[in-house]
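Please read through the structure below; I'll follow up with questions.
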Amino acid sequence: MNGLELARRVAELKLAPDMRIVLCSGTGVTAKDLQSDEDLGAFDAFLAKPTRSDQMRDVVARLLGAVPASLAKKVAANPDEPLASQHPLRILLAEDNPINQKVGVALLRRLGYQPDVVANGLEALEAVERQPYDVVLMDLQMPEMDGLEASRQIVQSLGAPRRPRLIALTANVFKSDQDACREAGMDAFLSKPLDLPKLRAALLASTPRSSRLVA
């Protein structure tokens, strides 16, 4: 049984649903070689062998929700440069409240980002299907389709690593709410009202989709 078959079986048997799996290949296999959604969805990241220690550290840091050391070092060395120029991300903000929309856009623009904005989960799903995003900031309570259902459908239609990183925006910090977000496939949480340092940290922990698709 090779590594791809093992990853499939682990997923099918639900032996460890929260476990992260990294494909390590020295045979030239990359994400592009894994054509099906099943293949892509079996892995959370890709590493080519021989693997450098800094590459391994950064991948593990990302999967655990931390900021990769190489990126943190780069940002620290250029504190006056907008985060977006050092760490470019295509961001979608899904939020139905007009005031919260303005606050979110203003904070993201302070970091140098120009986000797209939608007002409900159905629009978020349509936007993600229309073009690729690196990050979706997803409010949980929205009309038409809430953030949890939108996230479920995004995860189902776009296997890792092609799907965007899904960050929940919620006023609730109860464990039950966080568990519901995890079960829907969301990757992180931000409490509302949004806080610039926490938003910055969440974006730093997000990897551009293009980087995830390359071993």
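Readers should treat all values here as calculations from the given coordinates under stated rules, not as data from a laboratory. Being a predicted model, the structure only gives us computed values, none of them experimental. With ideal geometry, Cβ positions are generated from the backbone for all residues, glycine too; neighbour counts draw on all protein chains shown.
Give me the lysines in straight-line cross-link reach of residue 102: C-alpha distance below 24 Å, same-chain residues under 8 apart excluded.
Here the lysines satisfying the reach criterion relative to residue 102 are 192, 198.
Test of understanding: what is the full-extension gain from residue 6 to residue 60, defined as 0.36 nm times their sequence separation minus their Cα-Cα distance?
Values: separation 54, 0.36 × 54 = 19.44 nm, distance 2.00 nm.
Fully extending the segment from residue 6 to residue 60 adds 17.4 nm.
Order of 154, 99 from fewest to most other C-beta atoms within 10 Å?
Details: 154 23, 99 9.
By the 10 Å Cβ count, ascending: 99, 154.
What is the range 82-206 by shape, rounded, prolate or oblate, if you read a ≥ b ≥ c off the alpha carbon gyration tensor as root eigenvalues and call it rounded for a/c under 1.5, prolate for a/b larger than b/c, and oblate otherwise? Show your work: numbers first, answer last.
Details: a/c = 1.36, a/b = 1.19, b/c = 1.14.
Judged from the Cα gyration tensor, the range 82-206 comes out rounded (a/c under 1.5).
Enumerate the lysines that residue 49 could reach by cross-link, defined here as Cα to Cα under 17 Å, with residues fewer than 8 away along the same chain left out.
32
Tell me, 206, 176 in order of fewest to most beta-carbon neighbours within 10 Å?
Details: 206 21, 176 8.
Ordered by Cβ neighbours within 10 Å, fewest first: 176, 206.
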